[in-house]
1. Looking only at region 112-126, which residues are out of contact with any strand residue (DSSP E or B) (no Cβ under 9 Å at 6 or more places or on another chain), surrounded by 12 or more Cβ atoms within 10 Å (Cβ to Cβ) and modelled with pLDDT of 90 or more?
2. Residue check: is Asp76 out of contact with any helix residue (DSSP H, G or I) (no Cβ under 7 Å at 6 or more places or on another chain), farther than 22 Å from Leu141 by Cα and surrounded by fewer than 15 Cβ atoms within 10 Å (Cβ to Cβ)?
3. Just checking, which of Ala107, Ala129 is among the hydrophobic types (A, V, I, L, M, F, W, C), modelled with pLDDT of 90 or more, farther than 22 Å from Leu4 by Cβ and surrounded by fewer than 18 Cβ atoms within 10 Å (Cβ to Cβ)?
4. Restricting to region 1-33, what's the tally of residues that are surrounded by 16 or more Cβ atoms within 10 Å (Cβ to Cβ) and either of a type outside the set (Lys, Arg) or modelled with pLDDT of 95 or more (or both)?
5. Return a yes/no flag: does region 34-51 have any residue that is within 17 Å of the chain's Cα centre (by Cα) and either surrounded by 14 or more Cβ atoms within 10 Å (Cβ to Cβ) or modelled with pLDDT under 90 (or both).
6. When both residues are 6+ apart or on different chains and their Cβ atoms are under 7 Å apart, which pairs have a first residue that lies in region 41-52 and is farther than 13 Å from Gly25 by Cβ and among the basic types (Lys, Arg), and a second that is modelled with pLDDT under 90 and assigned to a loop (DSSP other than H, G, I, E, B)?
7. In region 9-45, what residues are farther than 16 Å from Pro134 by Cα and touching a Lys or Arg at 6+ places or on another chain (Cβ under 6 Å)?
8. Out of (1) among the polar types (S, T, N, Q); (2) more than 24 Å from the chain's Cα centre (by Cα); (3) closer than 27 Å to Trp163 by Cα, the odd one out for Asn2 is which?
Amino acid sequence: MNPLTRLNRILSRWTLYLACLCLAGLLSVVIYGVVMRYVFNDAPSYVEQVALLLVVSVAMFGASAGVRDAGHIGLDSLVKVLPAKVQFWCKLLVNLLVIGFALALLAGGTLMAISTYASTIPTLGLSEAFRYLPVLMSGVLIILFSIEHLLAQFSGTKVVPSWH
């Protein structure tokens with residue numbers, strides 16, 4: 001097993017753990033907010049902001065782990081009926097497009113983090129740039145995972161999903 005595969009296997013597993021932890025945190029924060037609002041008539045002001053951060057985190061970390069395990073949306077039924085050589089080029093194109101998307105995430109997330117750095121998230125006291133940390137981390141992970149898929153494709157091997 002090459003070093004990139006070893007690294008990506010660990011990163012993917014921890015990314016999924018982090019996504020699950022953020023999802024559990026989101027559920028807890030929302031239930032806490034609802035109970036505080038409707039039972040005690042004392043809604044904490046920070047619940048909405050924490051929930052927004054956790055939603056973005058779940059989506060970004062889940063998406064990046066999905067790229068490693070090839071869980072993203074695809075038209076496999078169409079590609080499977082094509083000749084082997086065309087299938088190769090379709091898979092190559094998909095991986096390159098996914099890398100392009102990850103680069104767009106990195107570029108957009110960086111620009112947004114820089115432009116909002118001086119602002120503060122209401123009720124949390126953190127910089128608005130903090131909101132874009134999961135986006136930036138996800139962009140890097142998606143690039144690493146896509147490079148692994150490209151290397152596996154050219155070497156004729158398969159990427160073994162982290163959760164099999």
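The values are calculated or read from the model by the stated rules, or taken from the named source; none is laboratory data. Treat the numbers as computed from the prediction; the structure is a model and nothing was measured. Neighbour counts are summed over all protein chains in view; Cβ atoms, including those assigned to glycine, are modelled from backbone coordinates with ideal geometry.
1. Met112, Ser115 - these are the residues of region 112-126 that are out of contact with any strand residue (DSSP E or B) (no Cβ under 9 Å at 6 or more places or on another chain), surrounded by 12 or more Cβ atoms within 10 Å (Cβ to Cβ) and modelled with pLDDT of 90 or more.
2. Yes: the conditions hold for Asp76.
3. Being among the hydrophobic types (A, V, I, L, M, F, W, C), modelled with pLDDT of 90 or more, farther than 22 Å from Leu4 by Cβ and surrounded by fewer than 18 Cβ atoms within 10 Å (Cβ to Cβ) holds for just one of Ala107, Ala129, which is Ala107.
4. Final tally of qualifying residues: 14.
5. Yes, that holds for at least one residue.
6. none
7. Ala43
8. Condition not satisfied by Asn2: (2).
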